[in-house]
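Student: Please read through the structure below; I'll follow up with questions.
We did not get these values from a lab; they are worked out from the coordinates using the rules stated. Predicted, not measured: the structure shown is a model, and the values here were computed from it. Glycine gets a Cβ as well: all are built from the backbone with ideal geometry, and neighbour counts include every protein chain shown.
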Amino acid sequence: MLYRKTIGALALTSALLMTIGIAQAFDDSKYPDWNGQWRRPPGVNNQWDPSKPRLKEEAPLTPEYQAIYDANLKDQEAGGMGTDPTYTCIPDGMPRAMNVIFPMEIVIMPKTTYILIEYLTMLRRIYTDGRDFPKDFPASFMGYSIGHWVDTDGDGRYDQLEIETRNLKNPRAFDSSGIPLHADAETVIKEKIYADKANPDVLHDEVTTIDHALTRPWTVVKNYNRVRNEIWVESICQENNDHLKIGNDVYMRSADGFLMPAKKGQPAPSLKYFEK
Amino acid sequence: MLRGSIGFCALMALAGTLGVAHAFDETKYPDLKGQWNRTAAPRWESASKAPLTPEYRAIYEANVKDQAEGGQGETPTYTCISPGMPRVMNAYEPFEIVVTPQATHFLMDHIHDARRILTDGRDWPKEIDPSFVGYSIGKWVDEDGDGRYDVLVVETRGLRGPRSYDSTGIPFHKDNQTIVKERIYLDKANSNILYDEITVIDNALTRPWSTTKKYARGPDRNPVWGESVCAEGNQHIVIENQPYMLSSDGYLMPAKKGQKPPDLTYFKNNGK
């Protein structure tokens with residue numbers, strides 16, 4: 001008797017829910033509240049590993065890529081850009097985007113979690129609909145990301161987003177110091193994103209980079225602080241960007257708009273097309 | 001009757017224990033998921049229809065002449081500056097619409113075309129940091145009274161320049177006091193068609209100027225999203241406030257016939 005009454009109650013409930021249009025499609029109470037604006041902590045500069053001083057991050061580079069990195073540092077000291085490619089306003093790509101130089105927003109939807117980073121509109125779509133990585137998908141700076149939500153503490157609510165990102169293209173570097181990634185662009189990035197247990201306004205991203213420029217997977221923990229009542233400020237890279245790339249060389253534009261060398265002794269670019 | 005009400009409340013409590021969402025009832029909003037594509041060339045409207053003041057008509061005509069000679073007129077996007085509002089609604093690349101309780105996001109790859117339309121009921125801030133896409137406040141409206149929102153009414157202020165309506169260079173007033181009003185809604189007969197009725201109020205115009213943009217939803221509900229990077233392979237370069245070009249083999253070249261090469265004064269004593 002009780003069994004029949006229970007089934008009847010459940011059937012009635014479902015029918016009632018459907019008629020009054022209560023959403024069963026997206027139970028956002030199951031997901032963490034990551035609304036608001038997330039910023040890198042004060043004092044953290046444009047560097048990949050925030051736990052170490054910039055230029056002393058001790059990236060586990062192979063000898064070949066350590067040599068590339070050292071040559072890059074020398075070039076940057078001389079006024080060049082070394083292996084940091086973003087001076088032309090191409091995106092940071094992954095994993096560098098998670099340096100969050102400018103603030104980010106996380107929008108959680110049932111099939112996709114969007115990470116919107118204010119800078120060059122660096123948009124990440126992290127697909128959480130159970131799909132596999134596609135075959136023959138065009139490579140991109142931000143890559144193709146598949147994620148799944150995990151309830152690590154068993155309280156019935158997701159608290160961690162685990163992500164894998166593949167299909168990346170070059171050129172990319174870890175940060176503005178030019179720590180290089182391999183020219184084969186076969187980087188795989190694994191992340192665990194979760195809020196701090198003691199402070200929900202702190203978000204952690206454990207990022208593990210697997211790349212042939214490295215002797216081993218390199219894991220760093222990025223941290224972000226939440227700002228409520230946020231103000232979003234537009235960031236347009238090309239505006240006031242005075243770096244110019246002509247051929248394979250870097251030049252500068254002076255404050256008065258003239259072409260100028262980036263390095264001491266740098267010759268002027270060829271003007272052969274103006275001689276005809 | 002009272003027993004019936006008590007029974008109803010009990011059922012709602014049961015709904016709560018089953019974990020049914022009440023926080024965000026997406027059934028109240030139109031289904032805008034998927035990939036939206038423009039249905040025409042990314043142009044605004046014919047410049048002949050633009051109700052420009054005589055001053056700005058002259059600026060437009062000068063743009064056209066400069067472009068015919070190889071220049072860019074006053075269209076700034078060749079340097080990968082954002083097209084801004086309302087031009088981003090030309091939809092240079094496919095876009096996605098993500099509706100949340102606090103905001104409706106238009107996610108567009110291209111230069112810097114994404115929009116955040118705030119729908120949390122806020123008022124205009126006293127001061128707005130001007131931006132190319134502006135500050136947008138929107139409100140969902142249920143126009144047909146069926147209990148479901150069907151129109152997103154948007155107003156955008158806080159714009160900055162330089163902007164134009166499209167690549168032909170129809171200009172906005174340099175005072176950047178533009179206001180853009182929109183009504184965004186699905187076609188009642190075909191939910192795979194989206195309209196954006198856009199009205200521009202600008203001091204370069206003699207009156208508000210309205211147009212309707214139309215977008216079509218792609219058939220694939222798991223669309224392929226390509227990455228669009230303006231700065232990659234961009235062959236336009238600005239030196240001395242003039243556009244130049246980069247040849248395919250990486251050399252500086254003129255954008256216009258007879259254009260002089262850039263001044264190389266800064267290289268003369270470099271390193272000596």
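Student: Compare the Cα positions of A:Ala185, A:Trp149, A:Val207 along the charge dipole of segment A:137-234 (+1 at Cβ of Lys, Arg; -1 at Cβ of Asp, Glu; about the Cα centre) and return the one farthest towards the positive end.
Tutor: Of the options given, the answer is A:Ala185.
Student: With a ≥ b ≥ c the root eigenvalues of the C-alpha gyration tensor of segment A:37-227, is it rounded (a/c under 1.5), prolate (a/b larger than b/c) or oblate? Mind showing how you got there, number by number?
Tutor: On the way: a/c = 1.80, a/b = 1.45, b/c = 1.24.
Note, shape of segment A:37-227 comes out prolate.
Student: If each DSSP helix of 4+ residues adds -39,500 (n - 2.57) and the sum is divided by the residues in chain B, what number results at 222 nm, nearest 500 deg cm²/dmol?
Tutor: Details: 3 runs with 35 residues, N = 272.
Helix contribution divided over all residues of chain B: -4000 deg cm²/dmol.
Student: Give me the number: length gained by fully extending B:Glu197 to B:Ser46, i.e. 0.36 nm times residue separation minus the C-alpha to C-alpha distance, one decimal in nm. Don't skip to the end; give the middle numbers.
Tutor: On the way: separation 151, 0.36 × 151 = 54.36 nm, distance 1.65 nm.
Using 0.36 nm per residue and subtracting the Cα-Cα distance, I get 52.7 nm.
Student: Roughly how many nanometres apart are two label points built 7 Å out from the Cα toward the Cβ at B:Asp123 and A:Glu64?
Tutor: 6.4
Student: Same structure again: Using every pair of alpha-carbon atoms in the protein assembly as shown, split the distances into 10 Å bins beginning at 0 and state the percent of pairs per bin, rounded to integers.
Tutor: The calculated distribution, bin by bin, is 3, 15, 24, 25, 18, 9, 3, 1, 1, 0, 0.
Student: Still on this structure: Summarise the partner chain shielding of B:228-240 as one whole number: the mean count of Cβ atoms from other chains within 10 Å of each residue's Cβ. Provide the component values of the computation, followed by the final result.
Tutor: Details: counts 2, 10, 5, 11, 6, 2, 5, 0, 0, 6, 4, 9, 6.
Taking the mean over all residues of the peptide, I get 5.
Student: Run the paramagnetic zone check for B:Thr39: 7 angstrom along Cα to Cβ, then residues of segment B:144-168 with backbone nitrogen under 19 Å.
Tutor: What the label zone holds, given the 19 Å backbone N cut-off, is B:150-152.
Student: Shifting gears a bit: Hey, for a label at A:Val221 modelled as a point 7 Å past Cα toward Cβ, could you say which residues of segment A:28-50 have their backbone N under 17 Å away?
Tutor: Correct set: A:40-42, A:44, A:48-50.
Student: Using only Cα atoms, find the angle between the long axis of helix A:63-77 and the longest principal axis of chain A, and express it within 0 to 90 degrees, rounded to the nearest 10.
Tutor: 60
Student: Okay, moving on. What is the packing order of peptides B:175-183, B:91-99, taking the mean over residues of other C-beta atoms within 10 Å and listing the highest first? Please report the intermediate quantities before stating the final value.
Tutor: Working: B:175-183: 17.3, B:91-99: 21.0.
Order by mean packing, descending: B:91-99, B:175-183.
Student: Show me the ranking of peptides A:135-145, B:61-71 by mean Cβ neighbours inside 10 Å, starting with the highest.
Tutor: On the way: A:135-145: 16.6, B:61-71: 14.9.
Top of the packing list down: A:135-145, B:61-71.
Student: Turning to a different aspect of this structure: Give the average, rounded to an integer, of partner chain Cβ atoms located within 10 angstrom of each Cβ in B:109-120.
Tutor: Details: counts 4, 1, 6, 10, 1, 4, 0, 5, 0, 1, 0, 0.
Going residue by residue through B:109-120 and averaging, the value is 3.
Student: To continue, here is another question. Given R₀ = 30 Å, FRET efficiency for A:Val202-B:Asp25 by Cβ-Cβ distance, to 0.05? Numbers along the way, then the final one.
Tutor: Details: r = 30 Å, r/R0 = 1.01.
E(calc), rounded to 0.05, equals 0.50.
Student: Describe numerically, in nm with one decimal, the distance between label points set 7 Å from Cα along Cα→Cβ at A:Ala71 and at B:Ala68.
Tutor: Between A:Ala71 and B:Ala68, the simple spin-label model gives 5.1 nm.
Student: Right, another one. For A:Trp218, A:Trp149, B:Trp124, which order do you get if you count the other beta carbons within 10 Å of each Cβ and list the fewest first? Don't jump to the answer; show the numbers that get you there.
Tutor: Details: A:Trp218 22, A:Trp149 16, B:Trp124 11.
Going from sparsest to densest Cβ surroundings: B:Trp124, A:Trp149, A:Trp218.
Student: Here is a further query. Sorting check: for A:258-270, A:202-214, A:48-60, which peptide has the highest mean count of neighbouring beta carbons within 10 Å, and how do the rest follow?
Tutor: Per-residue Cβ counts within 10 Å, averaged per peptide and sorted highest first, yield A:202-214, A:258-270, A:48-60.
Student: Something else: For peptide A:254-261, how many partner chain Cβ atoms fall within 10 Å of a residue's Cβ, on average? Walk me through the numbers on the way to the answer.
Tutor: Numbers: counts 4, 0, 3, 7, 8, 12, 6, 5.
Rounded to a whole number, the mean comes out at 6.
Student: Hey, which lysines would be in cross-link range of A:Lys192, C-alpha to C-alpha under 23 Å, not counting anything within fewer than 8 residues on its own chain?
Tutor: A:Lys30, A:Lys52, A:Lys111, A:Lys169, A:Lys222
Student: Based solely on its DSSP helices, what 222 nm [θ] is calculated for chain A when runs of n ≥ 4 H residues each add -39,500 (n - 2.57) and the sum is averaged over all residues, nearest 500 deg cm²/dmol?
Tutor: -4000 deg cm²/dmol
Student: Where is the GNM fluctuation largest for chain B (alpha-carbon springs, 10 angstrom cutoff): B:Gly73, B:Gly138, B:Gly226?
Tutor: Result for chain B, Cα springs under 10 Å: B:Gly226 fluctuates most.
Student: How many nm separate the modelled label positions at B:Asp144 and B:Lys260, each set 7 Å beyond the Cα in the direction of the Cβ?
Tutor: 6.5
Student: Separate question: Just going by the charge dipole of the protein assembly as shown, with Lys and Arg at +1 and Asp and Glu at -1 on Cβ, which of B:Ile184, B:His112, A:Asn72 is farthest out on the positive end?
Tutor: B:Ile184
Student: Can you give me the angle between helix A:2-19 and the longest principal axis of chain A, using Cα atoms only, in degrees from 0 to 90, rounded to the nearest 10?
Tutor: So the helix axis and the longest Cα principal axis differ by about 50 degrees.
Student: Also: In sequence order, what are the phi-derived ³J(HN,Hα) couplings for segment B:57-66 according to the Karplus relation 6.51 cos²θ - 1.76 cosθ + 1.60 with θ = phi - 60°, rounded to whole Hz, with x for glycine and proline?
Tutor: Calculated HN-Hα couplings, in order: 5, 5, 5, 4, 4, 5, 4, 4, 5, 5 Hz.
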